[in-house]
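A short worksheet on the structure shown next.
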Amino acid sequence: DEAMTKLDPPKVSAHIERTHGPFADLEQYVIASMFMISPERSMPLREELRGVQFRLLDRNFWVAHYIAAPPQIAISWRMVEALWCCAYATVTLVDGVIPAAYGQPFDLTRDPEIASAMKLLQWALDDCYSRRGSAFPAALLPQRNPRIFASRAHSADELCLCAIAFILHHEVAHHRLRHTHDSSAPLSGPDPDSISAEREADGEAIDWIL
């Protein structure tokens with residue numbers, strides 16, 4: 001947190017819809033994550049993003065897309081929620097399950113914290129694929145505030161922001177590569193050009209970050 005607060009990433013044009021959800025405290029870091037993940041490249045990124053508007057939408061379904069005209073990148077709070085649940089489940093498995101299991105079968109329901117993490121993961125995957133817009137299971141969350149450095153929840157915050165940064169850089173790559181398709185439009189079937197553009201944007205995002 002100390003490192004995060006010391007960073008002052010360049011400002012970009014952003015429209016943020018406030019949320020009273022459980023991760024509202026991450027608001028100042030969501031858009032900024034694309035600068036924080038590779039701070040040495042902040043200045044060229046700022047120049048590249050002139051004229052691009054970012055939108056953080058209070059939607060109860062996954063949004064992550066680029067629209068070419070006028071150039072804008074939109075993501076949703078539901079995406080943040082789902083990524084945090086995946087991050088927390090990953091941290092919990094690595095920290096609490098793998099060391100204890102030693103390659104043997106492990107009961108994921110035995111420990112209450114591990115069981116809650118698995119339920120959060122299940123919710124995130126079900127909600128993402130079904131697009132039902134179901135209510136966030138806030139009762140399953142661990143204590144997040146005040147943050148405890150190196151706790152599982154704190155580590156999940158960091159990992160979630162890294163995932164958000166990659167997704168943002170993927171969308172920025174569409175702009176950099178001058179892709180003209182609207183990635184928010186649903187596909188009626190396999191579109192080779194769109195699939196190729198998505199793969200190209202993935203590779204560009206990886207190159208930029210790493």
What the Cα atoms of the chain span along the principal axes, largest first and in whole Å, is 51, 45, 34
Longest principal axis of the chain (C-alpha) makes with the long axis of helix 77-92 (C-alpha) an angle, in degrees to the nearest 10, of 40
Per residue, accessible area of segment 77-156 with a 1.4 Å probe, heavy atoms of protein chains only, in Å², comes to 55
Using alpha-carbon positions, the gyration tensor of segment 22-85 gives root eigenvalues a ≥ b ≥ c; with a/c under 1.5 called rounded, otherwise prolate if a/b exceeds b/c, else oblate, the class is oblate
Sorted by chain and number, the residues with a modelled amide H under 5 Å from that of GLN72, at a separation of 5 or more or across chains, are GLN53, ILE67
Loop-resident chymotrypsin sites (Phe, Trp or Tyr not before Pro) in segment 87-152 with no more than 16 other Cβ atoms inside 10 Å, DSSP not H/G/I/E/B, are TYR102, PHE106, PHE149
By the C-alpha gyration tensor axes a ≥ b ≥ c (rounded if a/c is under 1.5, else prolate when a/b exceeds b/c, else oblate), the shape of segment 121-180 is oblate
The farthest towards the positive end of the charge dipole of segment 7-140, of the residues MET79, ALA68, CYS128, given +1 on Cβ of Lys and Arg and -1 on Cβ of Asp and Glu, is ALA68
On the accessible surface of the chain, probed at 1.4 Å with all protein chains in place, carbon and sulfur together account for a percent value of 56
The answer for the net charge of residues other than ASP107 whose Cβ lies under 15 angstrom from its Cβ, with Lys and Arg +1 and Asp and Glu -1, is 0
Counting Lys and Arg as +1 and Asp and Glu as -1 over every other residue whose Cβ sits under 10 Å from the Cβ of ASP58, the net charge comes to +2
Once all protein chains are kept in place, ASP202 shows an accessible area at probe 1.4 Å, nearest 10 Å², of 60
With +1 on the Cβ of every Lys and Arg and -1 on the Cβ of every Asp and Glu, the dipole magnitude of segment 13-165 about its Cα centre, in debye rounded to the nearest 20, is 300
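Of all beta bridges DSSP finds with both residues in segment 50-193, what is the antiparallel percent, to the nearest 5?
Values: 4 of 9 bridges.
Close to 45 percent.
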Segment 32-71 and segment 79-135 have their Cα centres apart by a whole-number Å value of 28
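The values are calculated or read from the model by the stated rules, or taken from the named source; none is laboratory data. Quantities reported herein were computed from a predicted structural model and do not represent experimental measurements. All Cβ positions, even for glycine, are placed from backbone atoms using ideal geometry, and neighbour counts span all protein chains on display. We work out accessible area using only protein heavy atoms, side chains counted, and drop any ligands, DNA or RNA first. Shrake-Rupley method; radii C 1.70, N 1.55, O 1.52, S 1.80 Å.
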